[in-house]
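In what follows, a structure is listed as structure tokens, so that the remarks can point back to it.
Only the coordinates and a few stated rules stand behind these numbers; no lab work does. Since the model is a prediction, treat every value here as computed from it, not as a measurement. Counting neighbours? That spans all protein chains shown, and the Cβs are built from the backbone with ideal geometry, glycine included.
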Amino acid sequence: MRNFTIVFLIICCSLAASAQFTKKIAFQQDIYVTANLGANYFLSEGYRQYTIMQALGAVGRVNIGYRFDPVFGIRAGIGITTHKWPDITKNMAISSFSAENLTADVTVNLLNLLTEYNPNRVCELSVFGGAGVGHRDKAVFPTDNITYILRAGLQADYRLSPVLSLNLEGEVNLVDDNYNNLIDGLPFDIYPAISVGLTYRIPTTRKVLKTIRVNYQQ
């Protein structure tokens, strides 16, 4: 009987050392502003004939977003892009042009979706997708162009302070095939982009409770 009691106590202690329980923690919704600068690569008619450096342009964007849940959020942005395109109709002469755009995205925090929510996490990884409208300036073309924009991408954030983060963003944008004033091949043009920037978060007074599972070790 004595041996049984000792074994029983050892098992109970082992279970207690690795016990799990759930608790509710408050997720504080926030509004945030991001500012990014980077580069884009314009892919259109004749892209197999030119190099990346011949079609490399710049991209800049400011977003205002709202995180209403640990996983999901929304944001709206205004951006400016400059493009270079080796014109296959003009012996690969470089056409330089620019555009302004308005976009709206849905954001999904992958780490909070796939793992336990952790308000103290230093690094975050999110995906986003959305749509918008762009205005390509006349520049070297006969007329301006108004285009749809379909976009998707991936963003990584590194927290510098409770309200400030460094972010790295990669995205792919689809625009109208007439974006460069030439319609041929696929019914759209593409410009992938990569950018770096800063995110400033403004906590709101609204909070939601999030249930998480906690591992407790004695």
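For Ala152 and Ala35, calculate 0.36 nm times their separation in residues minus their Cα-Cα distance, and state this gained length in nm to one decimal.
40.4 nm
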Determine, for Ser165, Ser96, the number of other Cβ atoms within 10 Å of each Cβ, and report the residues in order from fewest to most.
Ser96, Ser165
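State, as an integer percentage, the relative contact order of region 51-156 based on alpha-carbon contacts under 8 Å between residues 6 or more apart. Write down the numbers at each step before the final one.
Values: 224 pairs, mean separation 22.7, N = 106.
Relative contact order for region 51-156 comes out at 21 percent.
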So if each residue of separation counts as 0.36 nm, and I subtract the Cα-Cα distance between Ile194 and Leu125, what length gain in nm does that give?
23.3 nm
Going 7 Å from the Cα of Phe68 along its beta-carbon direction, which residues of region 177-206 have the amide nitrogen within less than 16 Å of the resulting point?
204-206
Points 7 angstrom from Cα along the Cβ direction at Met53 and Val140: gap in nanometres?
1.8 nm
Give me the one-decimal nm value for the distance between modelled label points at Arg159 and Ile183, 7 Å along each residue's Cα-to-Cβ direction.
5.1 nm
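If we count other beta carbons within 10 Å of each Cβ, what is the order of Tyr191, Tyr158, fewest first? Working shown, then result.
Details: Tyr191 24, Tyr158 12.
Least to most surrounded, the residues fall as Tyr158, Tyr191.
Taking other Cβ within 10 Å of each residue's Cβ, how do Arg75, Arg136 sort, fewest first? Could you put the intermediate results ahead of the total?
Working: Arg75 20, Arg136 24.
Fewest-to-most ranking of Arg75, Arg136: Arg75, Arg136.
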